[in-house]
1. Return one number: the angle in degrees, 0 to 90 and rounded to the nearest 10, between the long axis of the Cα atoms of helix 53-63 and the longest principal axis of the Cα atoms of the chain.
2. Roughly how many Å² is the accessible area per residue of the chain, as a whole number, for a 1.4 Å probe?
3. Under the rule of -39500 (n - 2.57) per DSSP H run of 4 or more residues, summed and divided by the residues of the chain, what mean residue ellipticity at 222 nm is obtained, to the nearest 500 deg cm²/dmol?
4. Roughly how much of Phe264 is accessible, in Å² to the nearest 10, using a 1.4 Å probe?
5. Once you have the alpha carbon radius of gyration of the stretch 216-274, what is it after dividing by 2.2 N^0.38 Å, with N set to its residue count?
6. Given N residues in the chain, what is its alpha carbon radius of gyration divided by 2.2 N^0.38 Å?
7. Taking 0.36 nm per residue of sequence separation and subtracting the Cα-Cα distance, how much length would be gained by fully extending the chain between Arg51 and Thr168, in nm to one decimal?
8. Could you give me D for the stretch 138-224, from Stokes-Einstein at 25 °C and 0.890 mPa s, where the hydrodynamic radius is the Kirkwood radius over C-alpha pairs? Units µm² s⁻¹, please.
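The values are calculated or read from the model by the stated rules, or taken from the named source; none is laboratory data. Here the structure is a predicted model, which is why all the values come from computation and not from measurement. Surface accessibility is based on the protein's heavy atoms, side chains included, excluding ligands, DNA and RNA. Shrake-Rupley method; radii C 1.70, N 1.55, O 1.52, S 1.80 Å.
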Amino acid sequence: RASITKASASRGQAPRPSDEMQALVLVGGFGTRLQPLTTDRPKPILEMVDRPFFAYMIDWLASHGVEEIVLACGFLPDQMQAVLGDGSPGGPKLRYVVEPEPLGTAGAIKFAAPCLQDRFFVLNGDSLTDLDLTALWDFHLDREARVSLGLYPVDDPSEFGLVELDETGSVRSFTEKRDGAGPGLISAGAYVIDHEVIDLIPGGRKVSIEHEVFPLLVDDGLYGLALDGYWKDIGTHDRYREACWDILEGRVSTGVEIHRDGVFISPEADVSDGAEIGPRAVIGPGCRVGTRARITDSVLLQGCEIGENAVIDGSIFSPGVIVAKNAAVVNRVIGSNEFIDA
């Protein structure tokens, strides 16, 4: 596997490649909202149904012609590389850039600049999506934009904030998140950026591209395009579970076999004939489920053990959780290797 590449301003850099479509994915966060699932592992390699979450991003980017993915890492990068490697044969190459400290969305781009081409995608690494990146790339070229934002329509933007466009797609303004704002377009965390924009980013400190860079480009080459497809930020426990059901039930385009009942049982799991699984359940590899146990609306990651007659509902179990017989676990998120008594 390729070794992790640490970008350094003081190190001589090879010229930027210009013949490959490239994406920079921002995966440096600690996944705080998903803890304890992410206490000891980075969010990109958290299992989702039958594979690490980032595998969905790789497939999505590959389907739009991306040939190299640069991962801007911070938290436990060695784990990411051990799981993801340097890419699968025939798929995009993976390259790792490790921040010495959290630098924010723009600071991470600045830090990775020596690795980046003259034009590239930038993506937040916490969304499950099949949005049309090809349309965004073509729009960017057609508008001769400096930055193009991929936008997504929502009925309730209170968690995200709105982006206002004029009739040409030029960004007019950003509205901070607030309750009661009504439907509108939000940033989907997918951008096309020309390399010269990196010059606007201050170096050596934490910088937000949303708050410190994009406002500088209003009326100066900043455009937005509403994209077709599915999009979900998986950064909370509820949205992580919902994304699992969306994958299994076919609401997002992935390589996972569709199961209309939302149930996936790993071939490497041992489920007793008398157990009741679903509707909506993921049983990971190495799990053991006892007779008459009932599991609904829940995700069990690898190596969990569920005793006979236990009831699990609306919950997520980290690897190695053990539940005693006759126990009931409802609407809980359990950390690795915990024991739940009756």
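1. Here the helix axis deviates by roughly 50 degrees.
2. On the way: 14920 Å² over 342 residues.
Heavy-atom SASA per residue in the chain reads 44 Å².
3. On the way: 5 runs with 51 residues, N = 342.
Helix contribution divided over all residues of the chain: -4500 deg cm²/dmol.
4. Accessible area, nearest 10 Å²: 40 Å².
5. Working: Rg = 18.2 Å, N = 59, 2.2 N^0.38 = 10.4 Å.
Here the answer is 1.76, to two decimals.
6. Values: Rg = 21.3 Å, N = 342, 2.2 N^0.38 = 20.2 Å.
Its radius of gyration relative to the 2.2 N^0.38 Å reference: 1.05.
7. On the way: separation 117, 0.36 × 117 = 42.12 nm, distance 4.01 nm.
Gain on extension, Arg51 to Thr168, equals 38.1 nm.
8. On the way: Rh = 13.5 Å.
The diffusion coefficient I find is 182 µm²/s.
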